[in-house]
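Structure, as structure tokens:
The values are calculated or read from the model by the stated rules, or taken from the named source; none is laboratory data. Because the structure is a prediction, the values reported are computed rather than measured. All Cβ positions, glycine included, derive from the backbone under ideal geometry; neighbour counts span all protein chains shown.
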Amino acid sequence: MNSRRIALAYDTSHEGPSAETVAAPPQVADLIVSYLEQMEIDYVFGVPGGAIEPLYNALARSSRRGGPRPMVARHEAGAAFMADGYTRETGKIGVCCATSGPGATNLITGVACAYDNGIPMLVITGQPSLPSFGRRALQESACTGINTLGMFRHCTRYNSLVSHPEQIESKLITALQRAVRAPRGPVHLSIPLDIMKSPSPVSQASYDIARKIRPTSLLDADATDQLLELLQQSSNIRLLIGGSCGEAIGPILQFAVLRDIPFVTTPDGKGLINPAHPLYRGVFGFAGHATAKQWLNDDNVDLVLAVGTSMNEWTSSGWSDSLLNGKLVHIDESAEHLARSPMAKLHVRGRLLSIFDRLIERPHIARENSGHEYQRHRNSREIRAPKWSKEGMLAEPEQYVSDATPIKPQRLMHDLGRLFPPSTRFLADAGNSVAWSTHYLSPADRRISERRLGGGSRRRDNGRRQTEGGWLRLTMDFAPMGWAIGGAVGTAAGNPDVPVVCITGDGSLMMNGQEISVAVAEGLTVIFVILNDQALGMVKHGQRLAGAEQIAFQLPLSDFAALARAMGADAYTIRSPEEMEALDIESICARKGPTLIDVFIDPEEVPPMNLRMQILGTDI
């Protein structure tokens, strides 16, 4: 057994129901928590219930010794969103749990969202005791009841019922490995009540789980060498940076700089780069910029490198011919992503960090022998490069600085990027929030790249950033309303030392706004910015653009600031740019607790959603 095994420790000095209960032998639930402790997991997000009670008992014991503790969500979907946000911020596996029956089914939306976005997550749900299966036990979730295991099968990378205590270690380790190996995603263990409170089959964790789930440096060396040959043969290259590039963004940007390659990003890749980077040409895809499409459509382009992107509707600009053509080289760790670009000239599969380390190191050696020729080529490219400004990229630059009342959503994005500190994490919710943020949000004072020591050699610290999530975080594909509300709470739980801004709509807040109460209870610095237009905004504007019936989008005028204060948060109502400017953002960011900013935006401003309308078959 490994020397780093963690014993199942207990605090017998703490008062409890009885001395007999405190002195009880470790249970299966304690073994699960010991593995979470070994992985340095801080929280288990969930809602307690009878069938999951042994796990909460184990978390209580863990909490007393400084190990993982529960964070109680107000709805199980919120718990899954919190685990999602925690994973993106910390790089650890987010953990969420729920009781049987409706607790488990409430989790499914958040788990499905993580599945579609490739977010590692451990999901634990309870079941009634095994002997009660088939007897209509309360909230029975087995194959003889409401089969939640069958439901999770379609949105998890591993899904299993633990039917014997001896299975728990092997199934838990298998699940965790599947969560972090590409294609990444959530994994689910369904554990009956009697199994979870059974005596642990071992007295201490048998395996060093960190060794089992650490990243591997997989690399298709032959394909990477073919890519190097294509790079040498090409003179006009473009780079598309996707949302899965977080770990490797430093070497990817250095590669772009060394070869003077202009780059664009997918919507979920925007948060990984500095929008002021001189080689940045905008967002390609949903709510993107015309400049990005123009740079990919240039007839002189002979090679397009798409890195870390799933080629879904929003990230491929509706499966555009601008990207999906014979000039494409698709670089990704996931075979599922690569399967969506069969027309590509080349597929390069592997860990992106390893691939771009190799791309940087190999040419660096070659250029030492022919540096003058390379520099002349780079200088000529710099002379040809057009002058670019952020304002010139935007669809409506005049609204970006408008002083009109009610405040323009474009202007609000400008103010959010300008007023909040560089360390801020922004999460944009589904609907208008993600459209406005993708196109217009642009924080200042972001670093451009990570420098290497000694030219092209490997960085001594492997170039790791503390987070792979970037400054802007979105959800692609599944895109549930309210994801950012729970996600922001999980982000702040993972890193309480930075401000977290949740950009959401009034519709999303009405759906999942109760999770603000969790930020109050935990003293988390989350700023909830509400785009208040008294409507389901994307529905309203979509109906208008499509010439459809104007129906079912209206929402009543609501005082969200009063609602937030009722839950214990600070709150402000904003109706003009002057009122936004007057906010004491420094104090808001220093407060250990949430703040809600209810912003009445101009409801007639149409978000940049043309791509979505085209996919729905609407000519606009």
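Could you please give the count of residues in segment 336-346 that are within 25 Å of the chain's Cα centre (by Cα) and either closer than 12 Å to VAL307 by Cα or assigned to a loop (DSSP other than H, G, I, E, B) (or both)?
5
Condition check: surrounded by fewer than 24 Cβ atoms within 10 Å (Cβ to Cβ) and under 20 Å from the mean Cα position of the chain (by Cα). Does ASP42 satisfy that?
yes
Mind checking whether some residue in segment 117-128 is free of Cβ contacts under 8 Å to residues at least 40 places away in the same chain, among the aliphatic types (A, V, I, L, M), closer than 30 Å to GLU313 by Cα and in contact with a Phe, Trp or Tyr (Cβ under 9 Å, 6 or more places away or on another chain)?
no
Only one residue in LEU563, LEU524, LEU509, LEU531 is under 18 Å from PHE600 (Cβ atoms) and outside any helix (DSSP H, G or I), so which one is that?
Answer to the check: LEU531.
Can you tell me which condition TYR572 does not meet? The list is (1) of a type outside the set (Lys, Arg); (2) outside any loop (DSSP other than H, G, I, E, B); (3) crowded, with 21+ Cβ neighbours inside 10 Å, and all the others hold.
(3) is the only condition that TYR572 fails.
If I ask for residues that are of a type in the set (Phe, Trp, Tyr) and surrounded by fewer than 23 Cβ atoms within 10 Å (Cβ to Cβ), which ones from segment 271-295 would you list?
TRP295
Give the residue, chosen from VAL606, VAL599, VAL539, that is touching a strand residue (DSSP E or B) at 6+ places or on another chain (Cβ under 6 Å) and assigned by TED's automatic domain parsing to the domain that holds THR438.
Among VAL606, VAL599, VAL539, only VAL599 is touching a strand residue (DSSP E or B) at 6+ places or on another chain (Cβ under 6 Å) and assigned by TED's automatic domain parsing to the domain that holds THR438.
Which of the residues that make up segment 476-491 are surrounded by 23 or more Cβ atoms within 10 Å (Cβ to Cβ) and either outside the structural domain of VAL434 (by TED's automatic domain parsing) or in contact with an Asp or Glu (Cβ under 8 Å, 6 or more places away or on another chain) (or both)?
Once the filter is applied, which keeps residues that are surrounded by 23 or more Cβ atoms within 10 Å (Cβ to Cβ) and either outside the structural domain of VAL434 (by TED's automatic domain parsing) or in contact with an Asp or Glu (Cβ under 8 Å, 6 or more places away or on another chain) (or both), segment 476-491 yields MET476, GLY482, TRP483, ALA484, ILE485, GLY486, GLY487, VAL489, GLY490, THR491.
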